[in-house]
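Inspection log for the structure reproduced underneath, given as structure tokens.
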Amino acid sequence: MARIQRPVPVGDTDAYRPSRGRPVRVRARTMPADTHFEPHRHAWAQLAYCATGVVQVSAAQPAPAGGDITYIVPPSRAVWIAPGARHSVHVLEDAEFRTLYIDASAVPAGWADCRVIVVSPLLRELVQALDAPAVPREREALLTQLVLDELAGAATHELGVPLPPAEGGDRRLRALCDAVLRDPAERSTLAQWAHTVGASERTMARLFRDGLGMSYQQWRQQAVLAHALPLLARGQPVSHVAAACGYASDSAFTAMFRAALGQPPSAFQGR
């Protein structure tokens, strides 16, 4: 049975709008699968993560790259959305959704782009403490300072899948990316994929490097991780997920996964 799309209004944030005096505001919501927020932007930054569940965040890349980058966010990871970045959110699995709205004046230095960070146990507890009812302003100010300090030192992970612009970009690069995303288990080489879109392997390697800032192999790994994480969140066995991602052995898939995320696939399985 097809799931029902559940659009959510995006203009209902006034009660949580951050300011210089209150630079971090927390919003907690329970979101069923297939809830989605249409593309929008706002003047403040946003940190989106789930205590449970998996969300997909798509954000526009800054010039000159253009296009969108899609992040798959399991628990223990969060997406940083820079002020003014156009973005949308789609809940892939039932989620306890947590959003931090952060005033532009409090954005860490150099954080002008979107990224995935690791949510440390301390950051998770700080967010929960800020979300408690009737937090005194003095305590809120202290918690906010700790949140911002923890964010500034947070580790990052490459969990984004960048895509070239649908219009104005190279049609061959977009066609190849779309083909891989439709069938992430396909293990064709770059030369084989290049042939299907009418280009040479050398040309496609250059387009990946110049247009997406990474090699084809690096990009494909990100696409595989994006495909694997929702499957793991649904509780599928690692062997099934490995096969769905085109790996002949669980051990090879687990080695790739651990190298990319620092944890085995079993750490991300839904329970």
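The values are calculated or read from the model by the stated rules, or taken from the named source; none is laboratory data. Worth saying up front: this structure is predicted, and the values here are computed from it rather than measured. Please note: Cβ atoms are built from the backbone with ideal geometry, for glycine as well, and neighbour counts cover all protein chains shown.
Descriptive notes on the structure:
- Among the candidates P75, P108, the residue that is within 15 Å of V55 (Cα to Cα) and part of a loop (DSSP other than H, G, I, E, B) is uniquely P75.
- Applying the condition of being crowded, with 16+ Cβ neighbours inside 10 Å and small (G, A, S) to segment 227-242 and asking which residue is nearest to P162 (Cα to Cα) yields A228.
- All conditions in (1) more than 27 Å from G211 (Cα to Cα); (2) buried (at least 17 other Cβ atoms within 10 Å of the Cβ); (3) modelled with pLDDT under 85 hold for M31, with the sole exception of (3).
- Being surrounded by 19 or more Cβ atoms within 10 Å (Cβ to Cβ), under 11 Å from the mean Cα position of the chain (by Cα) and under 16 Å from L151 (Cα atoms) is a description that applies to A48.
- Criterion applied to Q222, Q218 was being of a type in the set (S, T, N, Q), assigned to a helix (DSSP H, G or I) and either assigned by TED's automatic domain parsing to the domain that holds G110 or buried (at least 21 other Cβ atoms within 10 Å of the Cβ) (or both), and the one residue passing it is Q222.
- Extreme residue, surrounded by the most Cβ atoms within 10 Å (Cβ to Cβ), among residues of segment 65-121 that are of a type in the set (V, I, T) and within 16 Å of H42 (Cβ to Cβ): V89
- Taking the numbered list (1) surrounded by 14 or more Cβ atoms within 10 Å (Cβ to Cβ); (2) in contact with a His (Cβ under 9 Å, 6 or more places away or on another chain) in turn, A185 passes all entries but (1).
- First in segment 135-161 and assigned to a helix (DSSP H, G or I), second anywhere and of a type outside the set (A, V, I, L, M), Cβ under 7 Å, 6 or more apart: T144/P23; E150/S120; L151/P108; A152/P108
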